[in-house]
Structure formats: structure tokens, C-alpha cells
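None of the figures in this text is laboratory data; all of them are computed from the coordinates on show. Just so we're clear, the structure is a prediction, and the values are computed from it rather than from any experiment. Note that we place each Cβ from the backbone using ideal geometry, even for glycine, and neighbour counts take in every protein chain shown.
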Amino acid sequence: MKQIPCFKHEGSFILFIKVEKDKTEFVCDECCLDLQTKSVNVNYQELIHVKNALKSPEFFLSKLKISTPVQEYLIKLDKCNKQAMDNILEEFETKISQIQNILLEVQQELKNQVNCILEKKNKIRDELQKITQFDKFKQFAINFQQLGDNIKHEDIIQNEKILHQYLEDLTKNDCNELNQKLIDVLDRIKREPEDPNQEFYPQYRELERQFKSLNFSQAEFVQQFNLIYFVQVAIIYDGRLMSYYQQQKIMSILQSRLNKKVINFQQIYLGTRDGLNGQSFWSKVQGNTNLLMIFKSKSGYIFGGFSPCQWQQYVNAYVQDNTMSSFIFSQTHDQIYHLKEANKTQAIYCHQSYGPTFGAYDIYFGADFQSGSSNLGTSYQCDQYQIATKNTHLFGQTTPNIVECEIYQVKLC
Ligand SMILES: [Zn+2]
């Protein structure tokens, strides 16, 4: 493509398209620097790289204000070119050929094990022969052999006596001594130092590990590019705050905790549209159950909570969740905090002069959605994550300072 000169900067060429509500501009790299020195925040994420946009409708569309799951999917699709696919295939081929090699090792390992077992058996057999004075036992057969074909009745009786004497000696005291000797010998052989690797089948373990890794990559691959699964999710949630990954996670928690299928997230409140304040909040949520709330703070932290409990403006009290399905989440940290059994009476708190409040103030917003605090870990479990500063963990600062809030009624069947 022919390079377009920047009319503001001689010698510079247009790199990006900058889209704003009321105008669209072509900008060069120096334009960006100018904007920065004027302390206008340049969000490179939002600039549309001209060359890439002309090449790829996926890339171009992903730069517009479309819903997050669609955007994330188009970004993936844009990066999914022949080269990237070849690389993925190559990684799989490497893994598979590693497994082929390890299979040969496993085969060798089993052969070695078989030899070891036979060796051990021989060792044990030697000991058994000593204990039983096996030669003595075999003597009757030798005796008969020496007699040739002329075996007489007396010979048989004679040998029966010898054998009986032998067996009496061997099994005296109800086999007590024999037993003890056998146990001692087996125990001694068991203690003999061996190659410690032998017992643990290291090659087989390695095969298991490599197969697990192949399995994981395959599952990841399927999920990443499976449009069918993606479309289901995108139809259920059309908001902007939750990532595609987060939605899948939230849906699977909801479905397993409530033992029902999620059919839709119906948006009932959007902060920037309906007003980020207690009055607007309560007018939309009043009397509703099964609400999923997603918040974004001024630090860009994304977090939220779900509760099946009913939100009632005037109860001025905690609401109990007997289903134990309430939880808080942090998308930023990729963490889930479930309601503690001992605190199930404090799933949410409803008060007309508060904003959304979960737990004994695990999340607490003032009516302005700016003031408030977080005592994460009080009613919701977070010990598993060893969080250093719980009061800033969700918000990114000590107060919520919410810039956006999406609230959905979760439709189940
Ligand atoms: Zn310029």
C-alpha cells in the first residue's frame, strides 16, 4: 500500500486510525507522542493499526466496541494463521514423537523388570533348597533310579520311611521352625539393596506425565478454536466486562452449584447507562433473585459476585443462603471465593443507603459506588490463596471507586 504522509509531521507516515465518538483521525507515531506530552492518555489497545486492519477484517472488527467474548474470539481468529497453526501442529508432533520414544523405553523397562523377577526367583529358590535340604528330598527319586527296573515292594516301603523321616524333621512343631526360616529368608531378600529406580517404573511414570501434557494441550486446542462452544457462551452473555474464559468458569460453577442449566444472563442494570448510584441500583435490583454482578474499579480491576438471595432495599439486614451457592470472584486474579458454611447467614446485606454488599462486608459499596471497603475472607473463603493485602485485593485500592457495573439475572432451567 502507498504510504500516507502525516500532514502534521513532515516525513512521518500514518500508522493508526484513532476512533472517537465524534471524529476519526489518521495518526502517525509522532502524533501519538504529541498526545502523550499533552498528557492525553494514548491507549494503544484502541488504536487501529492501518496495515493490519487492511489485511484482516477479524483484526479490524476486534478494535471496535463489540462485546468482549466476540472481541476475544476475533483476536484469536486473527492470530490463527497458517504459520501459527503449523507451529501448533509442530508442537503436537514433537510431543507425539517423544511419546513414541518413551514407549520403547517402557518396553525395555518391562523387559528389565521381568528379568529382575526371574533373578529374584532364582535367589529365593537357592535359599529354599538350603532350608529344605532339597537334595535329601530328591534322594528317594535317585534311590529308585539306582534300582533300575527291579523295584521291589520292600524298596518302596524303605523309601517311604526315609521320606517320612525327612518330612517329620522338616515340619516338626507344626512347621513352626520351617515357617520362621521362610519368613526370615524372604525378609532378608526383601531388604537387600536394589536399584531404587526399579520399583517405581520411572519410564512408565514419564509416559504418564507426557501423555497428561499431550492431553492438556489437546483440550486447550479444542477449546480455543471451538466456535460452537463459543457461540453458546456469547449468546448467553453479551456484556463487556467478563472475559470469555471467566464466563465459562462462572457458568460451570453456577451449573454445578445450583444443579441447573444456565440458559441466559439477562442484563437488568448497567452502571454507566442507568446511573452508578444506590438509588438507580435499588430501582433495578429490588425484589430480584439469582443476580450476577460484575464490577470494574478505577484501577481496572474486574471482580463481582453471585447470590441466589433476594435483594430487598428496605430489609436492612443480612440475607441467608441455604443453597450455599453464593460466591465472589476476581477476574483480575482468576480466583473464586465461596461462601463459608459458618457464615451462610451473611450471604448478602441489603440496606437502602448502601450499594451492592456481599458478606460481612467482603464487598461493601456506599451509595455513591465510590466509597466503601473490602474485608475479603470474612464471610467468603479466601485462605486457599494466601492473599497478602485483603482489603485492596478486589478493588486495586482500599475503596471501590467503581467505573462500571453490569448486573444480570441468571436464567436457569
Ligand atoms: Zn503525525
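Some notes on this structure:
- Spin-label model distance (nm) - Lys38 vs Asp383, 7 Å beyond Cα toward Cβ: 5.6 nm
- Once the Cα-Cα distance is subtracted from the 0.36 nm per residue extended length, the Asn115 to Glu10 segment shows a gain of 29.7 nm.
- Residues Leu376, Leu227, sorted so that the one with the fewest Cβ neighbours within 10 Å comes first: Leu227, Leu376
- Computed 3J(HN,Hα) for the stretch 397-406, one whole-Hz value per residue from the Karplus formula 6.51 cos²θ - 1.76 cosθ + 1.60 where θ = phi - 60°, is 7, 6, 9, x, 6, 7, 9, 7, 8, 10, glycine and proline marked x.
- Amide H contacts for Lys340 (H built 1.01 Å from N in the peptide plane; partners 5 or more residues away or on another chain; cut-off under 5 Å): Tyr380, Gln381.
- Packing here is the average count of other Cβ atoms within 10 Å per residue, and on that basis the peptides 145-152, 129-136, 268-275, 247-254, highest first, run 247-254, 268-275, 129-136, 145-152.
- Rounded to whole Hz, the Karplus (6.51, -1.76, 1.60) HN-Hα couplings of the stretch 96-107, x for glycine and proline: 5, 6, 4, 5, 4, 5, 5, 4, 5, 5, 4, 4
- Rounded to the nearest 20, the size of the Cβ-charge dipole of the stretch 114-216 about its Cα centre is 340 debye, with Lys and Arg at +1 and Asp and Glu at -1.
- Exposure proxy ranking for Leu276, Leu186, based on other Cβ atoms within 10 angstrom of each Cβ and starting from the fewest, stands as Leu186, Leu276.
- Within-12-Å neighbourhood charge of Ile402 [Cβ basis; K, R +1; D, E -1]: -1
- Debye, to nearest 20: dipole size of the chain, +1 on Lys, Arg Cβ, -1 on Asp, Glu Cβ: 1480 debye
- Neighbour-count order for Cys80, Cys405, Cys350, fewest beta carbons within 10 angstrom listed first: Cys80, Cys350, Cys405
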